[in-house]
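Taken together, the values in this text are just the output of simple stated rules run on the coordinates, not laboratory data. Quick caveat, the model's predicted, so the values are computed rather than measured. Glycine gets a Cβ as well: all are built from the backbone with ideal geometry, and neighbour counts include every protein chain shown.
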4 protein chains.
Amino acid sequence: MIVVMRPGANQAQVAHVSESLERHGYVVKPIFGVEKTIVCAVGGEEHKQYDFLEQLRSFDGVEDVLLITKPYKFVARETVPGRSVVDVGGVKVGGDEVVMMAGPCTVESEEQTMVTAKAVAEAGAQILRGGAYKPSTSPYSFQGMGVPGLEILREAGRRYGLKVVTEVMDVRKVELVSAYADILQVGARNMQNYDLLREVGLTKTPVLLKRGMTATYNELLLAAEYIATGGNENIMLCERGIRTFESYTRNTLDVGAVPALKGLSHLPVVLDPSQGTGRRDLVEPLSLAGIAAGADALIVEVHPNPDEALKDGPQSLTIDGFVGMMPALRRVAEAVGRSMAPSRVGV
Amino acid sequence: MIVVMRPGANQAQVAHVSESLERHGYVVKPIFGVEKTIVCAVGGEEHKQYDFLEQLRSFDGVEDVLLITKPYKFVARETVPGRSVVDVGGVKVGGDEVVMMAGPCTVESEEQTMVTAKAVAEAGAQILRGGAYKPSTSPYSFQGMGVPGLEILREAGRRYGLKVVTEVMDVRKVELVSAYADILQVGARNMQNYDLLREVGLTKTPVLLKRGMTATYNELLLAAEYIATGGNENIMLCERGIRTFESYTRNTLDVGAVPALKGLSHLPVVLDPSQGTGRRDLVEPLSLAGIAAGADALIVEVHPNPDEALKDGPQSLTIDGFVGMMPALRRVAEAVGRSMAPSRVGV
Amino acid sequence: MIVVMRPGANQAQVAHVSESLERHGYVVKPIFGVEKTIVCAVGGEEHKQYDFLEQLRSFDGVEDVLLITKPYKFVARETVPGRSVVDVGGVKVGGDEVVMMAGPCTVESEEQTMVTAKAVAEAGAQILRGGAYKPSTSPYSFQGMGVPGLEILREAGRRYGLKVVTEVMDVRKVELVSAYADILQVGARNMQNYDLLREVGLTKTPVLLKRGMTATYNELLLAAEYIATGGNENIMLCERGIRTFESYTRNTLDVGAVPALKGLSHLPVVLDPSQGTGRRDLVEPLSLAGIAAGADALIVEVHPNPDEALKDGPQSLTIDGFVGMMPALRRVAEAVGRSMAPSRVGV
Amino acid sequence: MIVVMRPGANQAQVAHVSESLERHGYVVKPIFGVEKTIVCAVGGEEHKQYDFLEQLRSFDGVEDVLLITKPYKFVARETVPGRSVVDVGGVKVGGDEVVMMAGPCTVESEEQTMVTAKAVAEAGAQILRGGAYKPSTSPYSFQGMGVPGLEILREAGRRYGLKVVTEVMDVRKVELVSAYADILQVGARNMQNYDLLREVGLTKTPVLLKRGMTATYNELLLAAEYIATGGNENIMLCERGIRTFESYTRNTLDVGAVPALKGLSHLPVVLDPSQGTGRRDLVEPLSLAGIAAGADALIVEVHPNPDEALKDGPQSLTIDGFVGMMPALRRVAEAVGRSMAPSRVGV
């Protein structure tokens, strides 16, 4: 931690800062410059001292406080040699293979889900996505089928050899959703719902943690740290688009988050080009881009008839669209030294 | 609803769109231009048709879909003649009087809370703020005192004649917190935690709904609509700073949100210059600005010794700072035709 | 300057950094922590070493480089005792008096300008605004009247005792515009047009420097530093709204920029609520807010018939609207210890 | 154009709007709904009526005005069958081949430039980048070598068979820079410097137009329209990172802009992963991503010794870094059906 004192800060103020740092376990060396004094402090457990850092900022004579270590520990790249692989019932996310997660935005009916599940499984997807509880901006919108939706998902997964990822929004339903899903999705709107993070941290179910619309990498990693400190280290980070001034796309997909997060953390990184753009015509080019940039998995929305989708039709691929883009995805994966699961016609 | 067809959209596509609109209760008139066809649709209940709008966007031949009415109903200005006043146990928010809510960011001890409560009450505050459950970016930070914190708040309120506002984060604690608080605060990070919104909507306790860091006015009003459709119309909207590219301040306080939200909704609007800037030196000028712009209440952080605050010291006013700015606030309130509660020395 | 070395940086890397800093005039003290080494460097002329700082970032073993002093000098608050007052031909911007600048967005005709100039002068404005060269997003839009527009402005100013502010966009026209205007406006889109900044820096004409749509305070102050290093210190900073995700308003007016910039710099700060919001209904509340927050001047758009305005009608006040808000502005100015020029009926 | 009237707008107001539209060449059909009236107008030249649209917004009774056609014409995809190819002295940008533009951020010396030019030419680059005039945030930073820099660039291009791209900032230097460069770069900070756009529009030299830090696709395309209406249609659009709340990277590279802009316009699209991220470690993954997403060219910064670079060292690849990533780029280009120029060892 480095404390920059204001020009003209006096001896007593420097001493007050120094003593306070020492009480918090730091070794302190002040440096007296012509214009300013800097107090350097090393050795403390900085990632546990966010509050103290904030407090220091308001000490008399203090101009700025700078952290020099990362505020997270469990999820930091340095903590683990190599990279983490999350094992989803045998499907490995974070290894050589790029994993496809695909399915409808929302479970609307048994038929819609089964048709989609079969098609994406045949094309090479290994994980079925689908919402049973939906976070809707409007209270007048469809909120999801709930338990019957979960049952359809589980049955579709069983029938076509797919693992299942679905969102949990309510702390009271973590146990329920865990009973049906192979991966618990924490949505972008709940990335800083700390009670929910703690609750999924108490399970052992793999978690797909989506980046908030306006969350920094730091905040995303701290959200992951909440889950990890609870005891669940099976975490996948997911970039799904951030909010910017551009309104042509629903969100701006931050493809650079893929290599950036892989540089900061050992956790696997997933990319969501459907939510990330909100436009069907951009899903294929950004899926290709995501794999080229190093994504460990993609999660894409597919619907047998997007015109009739209850949610997010405009960003859903048709089944033909999904099947059609898979060969190019495979070629790009191979071009960057990765592989993808083969298609499984007749699954 | 207006549907803009792509150049070259054919008759069948226009007909498909028109029929679908008619099935949803709209009266439809297509207009055939040289370059483009537009399908105008009036009479449907647009605020209930967000999902349908999304669906329409993905119809063949459709270029864009434009809503022409607001997506919320209960909270829209037109719904209520005049403005809503929220009655917090006798303190009226939204009337002529500008109400001050003040107190520590976090309840840290009985003494800290009592000292602050007494001082702000004497200076003219009518509502005591303080956190018992704190949303902390880091899992290593102080998470609040919980129930003992709630007890201290209630006792401080009782002793100094203040109503109490405190945050609830966990759906399972809404009932508990309601038992202690006069106002339930839904924090910025939970503005789109829909289960929480529904749960506070089932109570009758007034709600202070904070705007998410990156929420549009529309989204804030839809979040309020969630609460209102649950049956609780005692809602105050709160602008507390948005996230922008500027990092000198913690957030950028959108003072314009005050008149803008008052133009869109009949609900009272509260401004939080402490969270909104994260800097003590900006709290007074932006408190003055907020009142000048028409805020119905301010919520500010005050701490007897910000250097020792467990949270948010840098943005907390000292007691002297709070007391010192009250006369100027009163003068500005009067300059714009409002009033403020008198100071109550010896409370 | 503080250089944070990566964990595991070796002796040679630390020595390389240290020597390089010494060569640039710094006194260097490395601090060896358990995890990381920090190299503290004091005494150099940091504001001249932006390039070097950038270069240091790419040295082997370097994790981060932190500036501890401000990158600007002339415009920094510390450089001048008290505050700067810019004298615009006798009208003082930055003193006790809050100055009103008002007029049409664009000069469209002699009549429109004269009518507006007379009205705003009578209501108490001291400076006439109006564009003769307009930065238009579309090449098909009106680009301004040019020299005839400048002539109308000068005549209107002369006739009604107003100083004139108008925008200069083209380096080749700085001398020309200076011949007509009392204040040269550098628009938001040109805030980082460094050739233009240098050119206006060579004149002695007061400059109204508008903050770029996405410029940080730092960047705005560095743009001012360009002008000041050229020799022209008659600079007024102007907040005119920043670009955010919110689209209800054309821009988000950062009212907090007023006190923030006054804390960082001795230069006067002007607020533009017309451009800042793009909505007539928000101009009055944000004018009040700006004065309450400490603005030294406001610049507002006024048009005798906004329906017929060639540009920016929706954000222009009518003459009645302008005249009508002046008494409240005066009351708020007095409430915060400022004054405003009296109305001059029959000017 | 569609004009949405406010609820309660009266007959006279609707008539006033309708007549005004008719005077501007529109065929008008008002639709009277229960709540609102909509005035549909077709047939006018909307892209020339930005100003009129703005004006309409302020008519009494008008709630909103919606454009239904694009505001640009020359650069719109529909205007040209197929895609445009810009011919840079024989190097085709926008065809099957993905073109590499590479070189130092800034020309610092003959040796630095020659070494870099030779290396990138051998590795397969076809265009040499390098700045002779630099837009620097600080007036104390290096501003470029000027004419001697241009001479070095031209000589390096001649010697190693490379075309040259370099930035022009000052309208007075467009002719000068054109005499040395094969491509004129208009930088992000000058994207809305309309005098400069007009001036480069008067030449026939190909233009690399960089997206402003906070420019929408619409605004970028309108800037291109300025150049095209001047008579120069040799325009390449360049995404180079936008400004967001994330500060880990210098900018957020909007990879989705590549397919989005190719959907909106027939012009070739170039991606700049160096400026776009500001971090050397992200240049390779985002170069791969850019090609996968359909970029017609990449522009990357390469320096023989980034530690000694006068500018932007941290984002410059070393020569080894550049040479090392080329095979993977080629493989990805082929995976998406494109090709790249072969390496030319011994150039």
Filtered hits (aspartates and glutamates, Cα-Cα < 18 Å from residue B:70, offset >= 8 within chain) -> B:45, B:46, B:51, B:54, B:78, B:219, B:225, C:246, D:35, D:63, D:64
Neighbour-count ranking for A:248, A:226, B:217 (other C-beta within 10 angstrom, fewest to most) reads A:248, B:217, A:226
For chain B, the longest principal axis of the Cα atoms and the Cα long axis of helix B:217-230 enclose an angle in degrees, to the nearest 10, of 80 degrees
Which of B:30, B:327, B:135 fluctuates most in a GNM of chain B (C-alpha springs under 10 Å)? That residue is B:30
Output row for residue D:320: copy-to-copy label distances, label 7 Å along Cα→C-beta, ascending, in nanometres, one decimal, is 5.1, 6.1, 7.6
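Exposure proxy check: B:320, D:272, A:170, D:307 ranked by fewest other beta carbons within 10 Å? Before the final figure, lay out the partial values.
Working: B:320 11, D:272 30, A:170 21, D:307 18.
Fewest-to-most ranking of B:320, D:272, A:170, D:307: B:320, D:307, A:170, D:272.
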Counting sequence-distant residues (5 or more places) and residues on other chains, those with an amide H built under 5 Å from that of residue C:253 are B:256, C:242
Mean-square fluctuation maximum in Gaussian network of chain D, Cα pairs under 10 Å, restricted to D:146, D:157, D:276, hits D:146
Sparse-neighbourhood loop hits (GluC sites (Glu not before Pro), segment D:38-95; DSSP loop; Cβ within 10 Å at most 13 others) -> D:45
Residues meeting the amide H criterion for residue D:44 (H placed from the backbone, H to H distance under 5 Å, 5 or more places apart or on another chain) are D:27
Distance in nm between residue C:142 and residue B:96 label points, each 7 Å along Cα→Cβ, equals 4.5 nm
Calc'd 3J(HN,Hα), segment A:65-77, phi into Karplus 6.51 cos²θ - 1.76 cosθ + 1.60 (θ = phi - 60°), Hz, glycine/Pro = x, comes to 10, 10, 6, 10, 10, 6, x, 10, 10, 4, 8, 6, 4
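Grab the DSSP H runs of chain D that are 4 residues or longer, score each as -39,500 (n - 2.57), total them, divide by all residues and round the 222 nm result to the nearest 500 deg cm²/dmol. Kindly include the intermediate steps, with their values, before the conclusion.
Working: 11 runs with 121 residues, N = 347.
It lands at -10500 deg cm²/dmol.
List, in the order given, every pair from D:92/D:118; C:134/C:173; A:311/B:48; C:173/C:204; A:210/B:48; C:311/D:73 whose Cα-Cα distance in the structure shown is over 19 Å.
Details: D:92/D:118 21 Å; C:134/C:173 13 Å; A:311/B:48 14 Å; C:173/C:204 15 Å; A:210/B:48 28 Å; C:311/D:73 21 Å.
Distance filter (> 19 Å) returns D:92/D:118; A:210/B:48; C:311/D:73.
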Note on chain C: contact order normalised by length, alpha-carbon pairs under 8 Å, 6 or more apart, percent, works out to 17 percent
Expected vector for segment C:292-299, Karplus 3J(HN,Hα) from phi with 6.51, -1.76, 1.60 and θ = phi - 60°, integer Hz, x for Gly and Pro, equals 4, 7, x, 4, 7, 7, 10, 10
Label points for residue D:346 built 7 Å along Cα→Cβ; distances to same position in the other copies, nm, shortest first, come to 5.5, 9.6, 10.3
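Report the calculated FRET efficiency for residue C:48 and residue A:48 (r = Cβ-Cβ distance, R0 = 51 Å), to the nearest 0.05.
Details: r = 39 Å, r/R0 = 0.76.
Once the sixth-power term is evaluated, E becomes 0.85.
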Nearest 10, in degrees from 0 to 90: the angle of helix A:147-160 to the longest Cα principal axis of chain A is 70 degrees
Rounded to 0.05, the calculated FRET efficiency for the beta carbons of residue B:78 and residue C:334 at R₀ = 41 Å is 0.65
Each label sits 7 Å from Cα toward the beta-carbon; between residue D:111 and residue C:6 the label points are separated, in nm, by 2.7 nm
Honestly chain D on the Cα gyration tensor test (a ≥ b ≥ c root eigenvalues; a/c under 1.5 rounded, otherwise a/b vs b/c for prolate or oblate) is just prolate
The farthest towards the positive end of the charge dipole of chain C, of the residues C:276, C:89, C:321, given +1 on Cβ of Lys and Arg and -1 on Cβ of Asp and Glu, is C:89
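Once you sort the root eigenvalues of the Cα gyration tensor of segment A:50-135 as a ≥ b ≥ c, which label holds: rounded (a/c under 1.5), prolate (a/b larger than b/c) or oblate (the other case)? Don't skip to the end; give the middle numbers.
Working: a/c = 5.33, a/b = 2.20, b/c = 2.42.
Cα axes put segment A:50-135 in the oblate bin.
When a/c reaches 1.5 or more, the comparison of a/b and b/c decides; with that in mind, is segment C:228-347 rounded, prolate or oblate per its Cα gyration tensor?
Oblate, because a/c is 1.5 or more while a/b does not exceed b/c.
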Under a Gaussian network model of chain C whose springs join Cα atoms within less than 10 Å, the largest fluctuation of C:61, C:313, C:263 belongs to C:61
Fewest-first ordering of C:274, C:18, C:138 by Cβ atoms within 10 Å yields C:18, C:138, C:274
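Defining a contact as two alpha carbons under 8 Å apart and six or more residues distant in sequence, what relative contact order in percent does segment C:105-252 show?
On the way: 266 pairs, mean separation 24.6, N = 148.
With pairs under 8 Å counted, the relative contact order is 17 percent.
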